[in-house]
Every structure is written in structure tokens, then in C-alpha cells.
1. Report yes if GLU132 is over 13 Å from ALA80 (Cα atoms) and touching a helix residue (DSSP H, G or I) at 6+ places or on another chain (Cβ under 9 Å), otherwise no.
2. Does region 362-373 contain any residue that is surrounded by fewer than 17 Cβ atoms within 10 Å (Cβ to Cβ) and assigned by TED's automatic domain parsing to the domain that holds GLU413?
3. Go through region 416-445 and count every residue that is at pLDDT 95 or above and aromatic (Phe, Trp, Tyr).
4. Could you please find all residues in region 113-157 being of a type outside the set (A, V, I, L, M), closer than 19 Å to GLY70 by Cα and part of a strand (DSSP E or B)?
5. Taking PHE366 as meeting all but one of (1) in contact with a strand residue (DSSP E or B) (Cβ under 6 Å, 6 or more places away or on another chain); (2) under 27 Å from ASN414 (Cβ atoms), write down the number of the exception.
6. Among residues belonging to region 337-361 that are modelled with pLDDT under 95 and among the small types (Gly, Ala, Ser), point out the one that is surrounded by the most Cβ atoms within 10 Å (Cβ to Cβ).
7. Among the numbered criteria (1) surrounded by fewer than 17 Cβ atoms within 10 Å (Cβ to Cβ); (2) at negative phi, which one does ALA267 miss?
Amino acid sequence: MKLRCETPHFKRISCVDNKKFADTRDIEVIMNRKKQIIVVVMVFVLAAASLGTVVGLLVNTGQMSEYSDGFRYTLSGSRATITGYEGSDVDVIVPDKVRGNRVVGIKKGAFADKASTIKSVTFKSTASFSIEAEAFKEMTALERVVLPSNLKEIPTEAFNGCKALRSVIIPNSVTKIGEKAFNGCTSLKFAYNSASYGNGVDEEKVYLPTSLREIGAYAFDGCSGIQKLDIGKNLQKVGNYAFNECGKLSEISVADDCELANVGERAFYGTIIQSTESSPLKFPHLAEIGVSAFSNVRNNFSYFSIPADVKNIGANAFKGCSTLSKVEFAENVELENMGEGVFEDCTTLSDVLLPANLKKIPAKTFMGCSRLLYNRDFTIGKEVEEIGEGAFAIYTNSTSYSARNYVLKVNEENEFFKIVELKEFKKSTSDTTTYKQGLLTNSDGSEVYAYYGSYDETSTIADGKTFKFLDKSGNDIEGIKTIKGYAFAGVAFEYILLRNTVRNIGDYAFFKSKIEVAYIGSINWEWTEKTFVKETDKDPDVEVLILRSTASASEIAEFIEKLSDAVEGAGSANDSTLP
């Protein structure tokens, strides 16, 4: 007999044996079990498929760490990036491939756990390669590195603080050395742009790759072992502090027609690079010279050529270059800006002709350049309209033969400034030797910018230690209203008699001078905080100058009150110090 079975899950089921299937409930149970099994199988299949997808994604995005021959690395497809090293070698060779995967990069701190033991790292990779910032930072035992052949950039702080690092082989593909890349590598002496040294290579010299275009800020700052440097044609920028305080850097070779346009702030500060007129250091396309770029360069740095492309020279660019004797500006140079104190304290500078179109000589430009006035050809040009305070604070306190012939000149066509020649000075009544002296003033003589000349502190004549404003014929000079800041800087005389017309004296007017007393014939002055303040070489503390006056008693009383108010708070003077 055929049995028709109706169930909630199947509309129609044919049952042949009613003994085997007693009722529809048995059929339901069997069918439910089958479905559960099917569902479980499907869930497992889906889970396995999802896991495979996740694993595939992790591998393809470089998130799963692999291990081979001591190296930890991640994969992105078939490209491997080294993330760590667990081997025991002190001379590490990074292979071109790991397990068939091309090595293309190295992560920050990959060798950090071995920083005190690894002595050398050599890369064999031939693929396009990248190094992450700080990758080798402070590896204290590292002495030698051979970088991969297709590296484009040595990144920020890549070898910062590697004090034992002596040599680096840099491929001729690197276009940029990043900020602080070799900062503080005090043992670094040698770098070369090929894995094969070739012939005639000096292993005491840093050969920058010819592909290099930029050296970042502080890149070689404090690399006190560098002695020689070779710069290729394509270099365009040397960043701020790039070779700052490389105290042994004495020789720089520059490729012909070098494209270097920008030398940053303190880029070569404190080096001993050589540049002489017979063997000059030249950058033919230089456009920007940064603040203090060549400041405090010592030894054989006696000549510098400023090319026509230069537009800006930063403040103190050559300050303190004690051997710099000649600076040559290109005839067609058109400076747009020159900062303060560019040649300050260049004590041997005697040969410099400023650009003919220069309109402003900034403050302290030639401050302390005591030999500048040896040059009979030095002239303030006809286009100069502005002179900053202390621009010609020459410190003319020498009594040598050359100093007797100091001359400062202004072009006759200049409408803004002039030279007032003063009465010549003699050492004694019996001495026939005379010393020239004069004042640089504005066109009407009312403002004194600088004094030049020499007084002898050992003079035996009454006026020997006293400066008076007397013209060449010995007559009083009238009309002086202002003494500019630093105007009498470094002078040797001890007393100065100011004219009745003087109403204002600039800050540090007697800076580093031997003046102890200023006699004044007028009291009605416009006071400033640093009026009559001086600073000496031996004692940098600020002192207030003692003043003596030829005015009446009431004027003196009023003056003392003003003086007391001016110095109150500084604690540098009181009424008891006044005459």
C-alpha cells in the first residue's frame, strides 16, 4: 500500500515502507538532521574561505612577518622590507632576495637590537630601494656601510649619532641627503659614490655623488672627522648647518660650472676651508648666502669671489673670518639684500670693492675691520643712500706706520655722505710724525657716523689723550647734532670734548673704546637707555661713562638729576661718582 506523507518541510513524500517510516514525525527528524549537517558544512566552508581571504590580505599588505637567515621582514606581494635582525654576524650582508622575494627597503630600527655589536652593513639589492628615517640611528659600533645601488635618498637622521661610522659607499643614484642624516658622526672621513673604489681615490675625503642635488639641514653637523669634500656639478642646495662645526674640513673641491645656488645658515660655520686668490673656492651660480654661512672660517680662507647671480647675503655671512683679506664682487652683480655685520671682525680684510649700484651699507658691515682703510681705493659709492650704525666702526687705535695713512673716502657724486678731514695728530711736540684722522658724516655734517684715524695713548702732548672736534686747519667744527651708535668704537684716546650743538648720542657710541670721560658744553640732551654706555674686551659688564661739564651749576644740577634717572635700576652709577 502506498502512503502519502505531508510534512511542514516537504509538500509531498512517497513512502514505500510504512514499517520503516512509522509516521511523518520520523521523516521530519531525519530531514532536519540532514539540513543541520548541510548548514554546518556550509558554515565551515565559508569560514575557511574567509580565513583564506584574510590571510591573503595580510600577506599582500605586508602585515605578516617572515623570517629568513636572521632577518625579519614583511612582504608586499613579492617585495620584502627588512624590519629586524636576529643573527649573530657583526658584518651583516643584506641579500638581494629573501626566499625569492626582492628586498626593497629597510624599516626604522631594524638593527636597533644589535646597535652595539654590528660593525658593517652591506646591501646587495639591485632594485629600487628605500630607507626609512632613523633606520640606523645611534648604532654605536657601526663603522662601515655600503648602500644599495638604486637608492634615491638618504633620509632624515638615517645615521644620526653613529659615532664610530668611518666610511659610507653612496650610490650614484642618490639625489638628496636628508636632515641630520649623518649628524654627529664624529669619525666619518670617507664617502664614495661607487661600490668599486677605482684608482686615485683619497680615503680621507668625502666624495658626494654626482647625482646629488640637495644636502639637508644639519646633514653633516658636527662631523669633526671630515677633512676634505668633493662637490659635483648637480648640487643645488646646501641646507642650514649642513657642515656646521666640521672643525677639520679644510679642502673643498668644486666641479666646474657647479649649479650650487643656495648655501644655508651656518652651512660652513667654524670650518677651516681654504680659499686663496691663486686657488679660489668658487660657486659660479651662487644666489643665496645664508646667515653666518661662512662665519668663523679660519686658517687659509683669505679670498672669496661673489658671483653675478648673488641676490642675497645674510647677516654675519663672513663674520669672524680672521684671515679673509680680499672679497671680489662680480662687476655686474645686483644685490637685492645684504644683512648686518656681513664682514664684522674680519680683522685682515683690506681689499674689497662694494658693488657700484649698492644703495645701503647695513649696520656693522665692516665693524672691527681695522685694516680696511689700508686700501687707498676703498670708496663709499655714489649710489649709497643709507649707512647703518657701526658700519665703519673700524677700531682705529693702531699707531703702526700703515695706520698713520688711514683713509676713508666717499665718491664725489654721492649726495648723502661726505668726509670731514680733521687736524692731524702728533705724538709729541718734537715729533714730526703725523697721523691722519677724519669723520664720516651726512651731507650737511650734522650727523657723525664714524671716526677714523689714530691717537696714541702714550702721547706726551697735552691733547694727546683728548679728542676735540677740530677741522684740518684747527678750527672748531660747528653744527654737529648727533653722534651715531658705534661712531667712536675702539678709539684709543681717553677723553672727548663734545660740541655745544650735540643733542643726541647713539647707543654704544664709544663701544670698546678707552674713553673714560666726556666733557660736554651743553646739557639739553635727548637721552636714550644706553647713552654713554660702553663695553670693554676684558669686562663685558655695562658701565656708565663719567661725564664732566663746562655748564653752569644749575645746569649741572639738572643734568645730574637726569643722569640719575637714566641709570636708576641698572645700578651702574650714582651721584657720588660724578664730579
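1. no
2. For region 362-373, residues surrounded by fewer than 17 Cβ atoms within 10 Å (Cβ to Cβ) and assigned by TED's automatic domain parsing to the domain that holds GLU413: absent.
3. Matching residues across region 416-445 total 2.
4. Hits for region 113-157 are SER120, THR122, PHE123.
5. Unmet for PHE366, out of (1) in contact with a strand residue (DSSP E or B) (Cβ under 6 Å, 6 or more places away or on another chain); (2) under 27 Å from ASN414 (Cβ atoms): (1).
6. SER350
7. (1) is the only condition that ALA267 fails.
Each row is one residue, and each column tells you yes or no for (1) assigned by TED's automatic domain parsing to the domain that holds ASP444; (2) among the hydrophobic types (A, V, I, L, M, F, W, C); (3) modelled with pLDDT of 85 or more; (4) under 22 Å from ALA363 (Cα atoms).
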| position | (1), (2), (3), (4) |
| --- | --- |
| ASP471 | yes, no, yes, no |
| ASP476 | yes, no, yes, no |
| LYS484 | yes, no, yes, yes |
| ALA487 | yes, yes, yes, yes |
| PHE493 | yes, yes, no, no |
| ASN500 | yes, no, no, no |
| PHE510 | yes, yes, yes, yes |
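The values are calculated or read from the model by the stated rules, or taken from the named source; none is laboratory data. This is a predicted model, so every value here is computed, not measured. Note that each Cβ is placed from the backbone with ideal geometry, even for glycine, and that neighbours are counted across all protein chains shown.
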